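*Asks:* What follows is a single structure, and I will ask about it in a moment.
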Amino acid sequence: MRKKLMGVLWGLVPILLALLFTMVVLVIVGASPLEAYRNILLGAFESPEKMADVVAACVPLILCGVGMCVTFTAGQWNVGVEGQIILGAIFATWVARNLLWPQVPVLTLMVLAGILGGALWGAVAGLLKVYGKVHEIFGGLGLNYLAQGLAIWLIFNPWKPADGATMSGTDPFPGPAWMPHFRHLRVAPLAVVLTLVAVVIAYFLLQGTRWGLELKAMGKNFRSAFTLGVPSTSRLLIAFSTCGGLAGLAGAIRCSARYGRMIPDIAGGQGYLGLLVALLAGYRPQWVPLIALFFAAVGVGSPRLELNMQLDSSLGGVLRTSVVLAVMLVNGWRMLRARQVRRAVEEAA
Amino acid sequence: MKVELVDIHKYFGPVRANDGISMTIESGTIHGLLGENGAGKSTLMKCFSGYQSPDRGVVRVDGRPVSFDSPAEAIAHGIGMLHQDPLDFPQMQILDNFLLAFEDRILPDRRKGRKVLRELGARFQFDLDPDAEVTSLTIGERQQLEILRLLALGAQVIILDEPTTGISAPQKEKLFATLHRLAEQEGRSVVFVSHKLEEVEELCHHVTVLRHGRVTGEAEMPCPVSRLVEMMFGRNLPPAERVSVQPGQTVLRLEGVTVPSYRLQVQDVNFEIRAGEVVGLAGLEGSGQRLFLRACAGLEWVSAGHIHVDGQELTGASYQRFLDAGVAYTPANRMEEGLVGALTLSEHFALVDRHGSFFLDWNGVRERALKGIAHFNIIGRPDDPAAALSGGNQQRLMLALLPSHLRLLLMEHPTRGLDVESARWIWQQLLARREDGTAILFISADLDELLERSDRIVVFCGGQMESVHACDTTVEQLGYLIAGKGQTGG
């Protein structure tokens, strides 16, 4: 019990550190920190519309964060999530543009196509790693650029609107391909439900199945896991595809529920933010929604700083990233400390 | 320059790698350091050359005690080491590698470096092109480069750790000529670390022999080989009585198998082991026995030949298929390739149940773990991480994780680092499996263990295999074979 309480208290330390650091930054630029925090909070939660925006902003972050919990558990730095989002969006867009069916089948197919597109792109990163010995960080970054290039080519060539191609994307999707919003709010209930289902499934996959245990073993010690009989090649490919599938779902949701079209910046850095979310969650899917909520709230609330206090809205980004850095700092320090204690005990013994 | 190592102690946890070693190296001599694997040679030389600090003991240079915390400080005192794997930068030019010697300037003086490299190379008839890349060199040539670098740094004492592994015969001749020249004409000292008797016989003026972290003898060369063998392996009691099991049908058959690796290859192996048979693999580390054993589990790529398990051809099959055929493998580095330190004992039991249900029943797993823990006398709880276990208990856990029915059990050093009692207990468990028709193939560096436990012993030397019967072989004969001296000396 005491151990659990200590764990929670330790979890708060980095948040305090990050608030302190941001406070110093605010004081240096001559703004009142409390005023700034109040503005961010108000900007995120003052009205149902704002709250809906926060929830909508959570969705891709949660999906990518949960996906990366899977690959991180297997010890893989899957930074190719941006590209996997884009491929998901491309596959979903193809369905939206080509299958002029009623809403239910079109949306179902868009979601499935998005998952498929992302999973394939994830599998490519996995194949490069397993058979080409390309480190997943380099493979993932390369594939991100490739996906971005593909999206722009599609928008400027085959999918160009009749009145000429621009960076604002394709023509809007036909009506049935729009994921319906809840009343006038900019949030799609279907997206929220799919996301929560994904979190629950990922949690049980990692916690309660042989597959999750195998990924964990690989992440902790790849060679031993192999000796103990884990078929690591196929498990790696499955982990990459799972993460890619979730990211692809995020891509499909972003183009169907948020923009109603395909745009060049469809990934919008969600993949990299999702990486931070997964790191903060310590690769445990059950913590991802809470952390994503924090990230999304800061993101939605920060523009307020610009309106009310003439501060740049990128201060929200400073707050977010300083939390991540503080968490890693405190975790690193605790690990070091634990090792020192262990060594001292061993020497005494 | 006369160098003395006085009462060097170095412990790694409970392992006494060096337990009070003293030796004196006179200038102008080639001093051999002989001993089997794990005798403490490398540890001693690392303490000598600044890679590690000894826990106790001093190094004296010309009577003055010196201490160094890094190889750079050691070389400043004139002591340089040539490692088994040359410490160079393969992607860089030879000249750049060589220039790493001159740390006195920010911008290296390439012209001067080139001149020194040429002169030194000419002195020893080394044909090294300064502009070539290190990747184009053989291991022998990389050693030459490393020797020149150490000389340019002013090394008076040069330590060579097993330098003849993986180099060709002419290169070996050239190396030996170089070492003779360094010692006899230039008055430097050479420390030659080896486990190969014939090389020590051929090259050295003086020999120190280590065993279990202590000096077991010193000798001026020439010296009878029998004395060196005795100092290296010790004399032991006659092997204990063994119970033989009537071997059954062939479990594993290798036909003309070749296993290549960077340094050596095990070539054209024909081998059979029958149900209930125990075969020990002897040899100094890196003689090919590990390659052979891992190939039998499908863990090494086989470039030629056929592997059959129970009559089923498994050449080139995945490790998983070997497992399915009833083969199991336990590595020597338990925490690096055998167990996952961060996983609990329960999680290990769940993991090895490869064909169990997809959804894990943690209660059932826990029960199995408790059973395994009780049956194998593991001191640990189901929720303890494997890393928290002691070495002996880790070994017991690896045994507990093996399937109850096996056709072929492949083990590396089944009792390394264990006390006598644990070792005996583990062998009881292993031998009990013979009744069930399991064939056991194990690597060991412990000659007594090999002779006592095996029906047959296969000795590896430089990738070559030689088979002997355990019951009519003595420790001395085995020692000769391992050190590559055949049975002629016995």
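*Asks:* Considering only protein heavy atoms, what per residue accessible area in square angstrom results for the range A:60-276 with a 1.4 angstrom probe?
*Replies:* On the way: 8630 Å² over 217 residues.
Ligands and nucleic acids excluded, the result is 40 Å² per residue.
*Asks:* Please report the relative contact order for chain B, taking Cα pairs under 8 Å with a sequence separation of at least 6, and give it as a percent rounded to a whole number.
*Replies:* 15
*Asks:* Average the reciprocal distances over every distinct pair of alpha-carbons in the range A:166-277, invert the result, and give the Kirkwood radius in Å.
*Replies:* Numbers: mean 1/r = 0.0607 Å⁻¹.
The answer is 16.5 Å.
*Asks:* Here is a further query. Could you tell me which of rounded, prolate or oblate describes the range B:34-174, using a ≥ b ≥ c as the square roots of the eigenvalues of the alpha-carbon gyration tensor, with rounded for a/c under 1.5 and, failing that, prolate when a/b is larger than b/c and oblate otherwise? Please report the intermediate quantities before stating the final value.
*Replies:* Details: a/c = 2.10, a/b = 1.33, b/c = 1.57.
Judged from the Cα gyration tensor, the range B:34-174 comes out oblate (a/c at least 1.5, b/c at or above a/b).
*Asks:* Debye calculation, C-alpha points only, no solvent: report log10 I(q)/I(0) for chain A at q = 0.16 Å⁻¹, in the same order as the q values.
*Replies:* Normalising to I(0) and taking log10 leaves -1.41.
*Asks:* Per the 1.4 Å probe, what fraction of the accessible area of chain B, in percent, lies on carbon and sulfur atoms?
*Replies:* On the way: 10630 of 21600 Å².
The value for chain B is 49 percent carbon and sulfur by accessible area.
*Asks:* Using Cα pairs closer than 8 Å and at least 6 residues apart in sequence, work out the relative contact order for the range B:99-226, in percent. Show your work: numbers first, answer last.
*Replies:* Working: 101 pairs, mean separation 21.9, N = 128.
In percent, rounded to a whole number, it is 17.
*Asks:* Over the range A:182-248, with every protein chain in place, what whole percent of the accessible area is carbon and sulfur at 1.4 Å, could you tell me? Walk me through the numbers on the way to the answer.
*Replies:* Working: 1880 of 2730 Å².
That share works out to 69 percent.
*Asks:* Using only alpha-carbon positions, what ratio does the radius of gyration of the range A:53-175 give when scaled by 2.2 N^0.38 Å?
*Replies:* Working: Rg = 15.9 Å, N = 123, 2.2 N^0.38 = 13.7 Å.
Dividing the Cα Rg of the range A:53-175 by 2.2 N^0.38 Å gives 1.16.
*Asks:* Determine the shape class of the range B:267-317: with a ≥ b ≥ c the square roots of the Cα gyration tensor eigenvalues, call it rounded for a/c under 1.5, and otherwise prolate if a/b is greater than b/c, oblate otherwise. Walk me through the numbers on the way to the answer.
*Replies:* Numbers: a/c = 2.01, a/b = 1.16, b/c = 1.73.
In terms of gyration-tensor shape, oblate.
*Asks:* Can you compute 3J(HN,Hα) from phi for each residue in the range B:326-343, using the Karplus curve 6.51 cos²θ - 1.76 cosθ + 1.60 with θ = phi - 60°, rounded to whole Hz and x for Gly and Pro?
*Replies:* Rounded to whole hertz, the list is x, 9, 9, 9, 10, x, 7, 7, 4, 7, 8, 10, x, 10, 9, x, 7, 8.
*Asks:* ³J(HN,Hα) across the range B:182-195 via Karplus (A = 6.51, B = -1.76, C = 1.60, θ = phi - 60°), whole Hz, x for Gly/Pro?
*Replies:* Per-residue couplings from phi come out as 4, 7, 7, 9, 9, x, 8, 10, 10, 10, 10, 8, 7, 10 Hz.
*Asks:* So what J values fall out for the range B:56-62 if you push phi through Karplus, 6.51 cos²θ - 1.76 cosθ + 1.60 with θ = phi - 60°, rounded to Hz, Gly and Pro as x?
*Replies:* With the stated coefficients, the range B:56-62 comes to 8, x, 10, 10, 10, 10, 6 Hz.
*Asks:* Would you list, by chain and number, the lysines whose Cα falls below 23 Å from the Cα of B:Lys196, excluding same-chain residues fewer than 8 positions away?
*Replies:* Output for B:Lys196: B:Lys41, B:Lys46, B:Lys172, B:Lys174, B:Lys485.
*Asks:* What are the radius of gyration and Dmax of chain B, computed over its Cα atoms and given in Å?
*Replies:* Expressed in Å, the Cα Rg and Dmax of chain B come to 25.0, 74.
*Asks:* Going by Cα centres, the range A:114-144 and the range A:30-59 are how many Å apart?
*Replies:* With the range A:114-144 and the range A:30-59 each reduced to a Cα centre, they are spaced 36 Å.
*Asks:* Here is a follow-up. Nearest 0.05, what FRET efficiency do B:Leu370 and A:Val193 give at R0 = 45 Å with Cβ-Cβ as r? Let's see the in-between values first.
*Replies:* Working: r = 41 Å, r/R0 = 0.92.
The computed FRET efficiency comes out at 0.60.
*Asks:* While we're looking at this one, here's another question. Starting from the 7 Å offset along Cα-to-Cβ, what nm value, one decimal, do you get for the label separation of B:Ala72 and B:Arg424?
*Replies:* Going by the 7 Å Cα→Cβ label model, 5.3 nm.
*Asks:* Which value, in square angstrom to the nearest 100, describes the accessible area buried between chains A and B on both sides, using a 1.4 angstrom probe?
*Replies:* So the total buried area for this chain pair works out to about 2100 Å².
*Asks:* Mind pulling the angle between the C-alpha long axis of helix B:420-432 and the longest principal axis of chain B? Nearest 10 degrees, somewhere in 0 to 90.
*Replies:* Roughly 50 degrees between the two axes.
*Asks:* Averaged over peptide B:339-350, how many Cβ atoms belonging to another chain are found within 10 Å of each residue's Cβ?
*Replies:* On the way: counts 6, 13, 3, 5, 8, 0, 0, 0, 4, 4, 0, 4.
Whole-number average of other-chain Cβ neighbours for B:339-350 is 4.
*Asks:* Counting only pairs 8 or more residues apart or on different chains, how many lysine pairs in the range A:60-276 have their Cα atoms under 26 Å apart? Mind dumping the intermediate values first?
*Replies:* Values: A:Lys129/A:Lys216; A:Lys129/A:Lys220; A:Lys133/A:Lys216; A:Lys133/A:Lys220.
Lysine pairs meeting the criterion: 4.
*Asks:* Taking Cα pairs under 8 Å and at least six residues apart, what relative contact order does chain A come out at, in percent?
*Replies:* 34
*Asks:* While we're on this one: Could you grab the Rg to Rh ratio for the range B:310-466? Cα atoms only, Kirkwood for Rh. All intermediate terms of the calculation are to be shown ahead of the outcome.
*Replies:* Values: Rg = 16.3 Å, Rh = 16.8 Å.
Taking Rh as the inverse mean 1/r over Cα pairs, Rg/Rh reads 0.97.
*Asks:* Report the charge-dipole magnitude of the protein assembly as shown in Debye, nearest 20, computed about the Cα centre from +1 at each Lys and Arg Cβ and -1 at each Asp and Glu Cβ. It would help to have the intermediate numbers written out before the result.
*Replies:* Values: 76 positive and 79 negative charges, 559 e Å.
Once rounded to the nearest 20, the dipole reads 2680 debye.
*Asks:* Also: Given only helices, namely DSSP H runs of n ≥ 4 each adding -39500 (n - 2.57), what is the per-residue ellipticity at 222 nm of chain A, to the nearest 500 deg cm²/dmol? The partial results should precede the final answer.
*Replies:* Details: 14 runs with 260 residues, N = 349.
Value at 222 nm, helices only: -25500 deg cm²/dmol.
*Asks:* Which residues, if any, in the range A:224-240 lose at least 30 square angstrom of accessible heavy-atom surface (probe 1.4 Å) when the other protein chains sit next to their chain rather than the chain being alone?
*Replies:* A:Ser224, A:Phe226, A:Thr227, A:Leu228, A:Gly229
*Asks:* Here is a follow-up. Using only the alpha carbons of the range A:231-349, what is the convex hull's orientation-averaged projected area in square nanometres?
*Replies:* Details: hull surface 48.6 nm².
It is 12.2 nm².
*Asks:* Follow-up. So which residues in the range A:175-211 end up with at least 10 square angstrom less accessible surface once the other protein chains are there, compared with the chain by itself, probe 1.4 angstrom?
*Replies:* A:Leu205, A:Gln207, A:Gly208, A:Thr209, A:Arg210, A:Trp211
*Asks:* Please work out the FRET efficiency for the pair A:Leu146 and B:Ser168, using the Cβ-Cβ distance as r and a Förster radius of 35 Å; give the result to the nearest 0.05.
*Replies:* Details: r = 46 Å, r/R0 = 1.32.
It comes out at approximately 0.15.
*Asks:* Just to confirm the filter: which trypsin sites (Lys or Arg not before Pro) across the range A:164-243 are DSSP coil and have at most 12 other Cβ within 10 angstrom of their Cβ? Numbers along the way, then the final one.
*Replies:* Details: sites: A:Arg183, A:Arg186, A:Arg210, A:Lys216, A:Lys220, A:Arg223, A:Arg235; in loops: A:Arg183, A:Arg186.
Sites meeting the loop and neighbour criteria: A:Arg183.
*Asks:* How much accessible area per residue does the range B:3-233 have, in Å², with a 1.4 Å probe? Show your work: numbers first, answer last.
*Replies:* Numbers: 10180 Å² over 231 residues.
Averaged over the residues of the range B:3-233, the accessible area is 44 Å².
*Asks:* Let me know the charge dipole size of the range A:244-322 about its Cα centre in debye, to the nearest 20, where only the beta-carbon of Lys, Arg (+1) and Asp, Glu (-1) is charged. Present the calculation step by step, with values, prior to reporting the outcome.
*Replies:* Numbers: 6 positive and 3 negative charges, 46 e Å.
The calculation lands at about 220 debye.
*Asks:* Fully extended, how many nm does the chain gain between A:Met51 and A:Val29 (0.36 nm per residue separation, minus their Cα-Cα distance)? Could you put the intermediate results ahead of the total?
*Replies:* Numbers: separation 22, 0.36 × 22 = 7.92 nm, distance 2.90 nm.
Contour length minus the Cα-Cα distance gives 5.0 nm.
*Asks:* Pop out a list of residues from the range B:356-395 that are at least 50 Å² less accessible with all the protein chains around than in their chain alone; 1.4 Å probe, no ligands or nucleic acids counted.
*Replies:* Residues meeting the cut-off: B:Phe358, B:Leu360.
*Asks:* Another one. For the protein assembly as shown, I need the span (max minus min coordinate) of the C-alpha atoms along each principal axis, in Å, sorted largest to smallest.
*Replies:* On the principal axes, the protein assembly as shown reaches 98, 71, 58 Å in Cα extent.
*Asks:* How much area per residue is accessible in the range B:250-482 when the probe is 1.4 Å and only protein heavy atoms are counted (Å²)?
*Replies:* So the range B:250-482 comes to 40 Å² accessible per residue, rounded to a whole number.
*Asks:* At A:Leu19 and A:Leu42, where each label point lies 7 Å from the Cα along Cα→Cβ, what is the point-to-point distance in nanometres?
*Replies:* Going by the 7 Å Cα→Cβ label model, 1.9 nm.
*Asks:* Kindly express, to the nearest 10 degrees and within the range 0 to 90, the angle between helix B:169-180's C-alpha long axis and the longest C-alpha principal axis of chain B.
*Replies:* Roughly 50 degrees between the two axes.
*Asks:* Next question, about the same structure. Compute the angle between helix B:139-152 and the longest alpha-carbon principal axis of chain B, please, reported from 0 to 90 degrees and rounded to the nearest 10.
*Replies:* For B:139-152 against chain B, the angle is about 40 degrees.
*Asks:* Just grab the label-to-label distance for B:Ile106 and A:Asn331, each label 7 Å out from Cα along the Cβ direction, in nm (one decimal).
*Replies:* Rounded to a tenth, the inter-label distance reads 3.9 nm.
*Asks:* Using Cα centres only, tell me the gap between the range B:432-452 and the range B:189-224 in whole Å.
*Replies:* If we compute the Cα centre of each part, the gap is 31 Å.
*Asks:* Please list, in chain and number order, the residues 5+ apart from B:Val340 or on another chain whose amide H is under 5 Å from its amide H, with Hs placed from the backbone.
*Replies:* Under 5 Å from the amide H of B:Val340 lies no amide H from a residue far enough along the sequence or on another chain.
*Asks:* Here is a follow-up. Which helices, taking whole DSSP H runs in chain A, have alpha carbons extending 20 angstrom or more along the helix axis plus mean Kyte-Doolittle at least 0.5?
*Replies:* Numbers: long enough: A:2-28 (39 Å, 1.94); A:48-73 (36 Å, 1.40); A:81-98 (26 Å, 0.92); A:103-132 (42 Å, 1.56); A:136-156 (29 Å, 1.30); A:189-208 (28 Å, 2.26); A:232-253 (31 Å, 1.22); A:315-348 (49 Å, 0.44).
For chain A, where a helix must reach 20 Å along its axis and average at least 0.5, the hits are A:2-28, A:48-73, A:81-98, A:103-132, A:136-156, A:189-208, A:232-253.
The values are calculated or read from the model by the stated rules, or taken from the named source; none is laboratory data. Not measured: the values here are computed from a predicted model. Note: ideal-geometry Cβ built from the backbone for every residue, glycine included; neighbour counts use all protein chains shown. These accessible areas exclude ligands, DNA and RNA; they are computed on the full protein's heavy atoms, side chains included. Shrake-Rupley method; radii C 1.70, N 1.55, O 1.52, S 1.80 Å.
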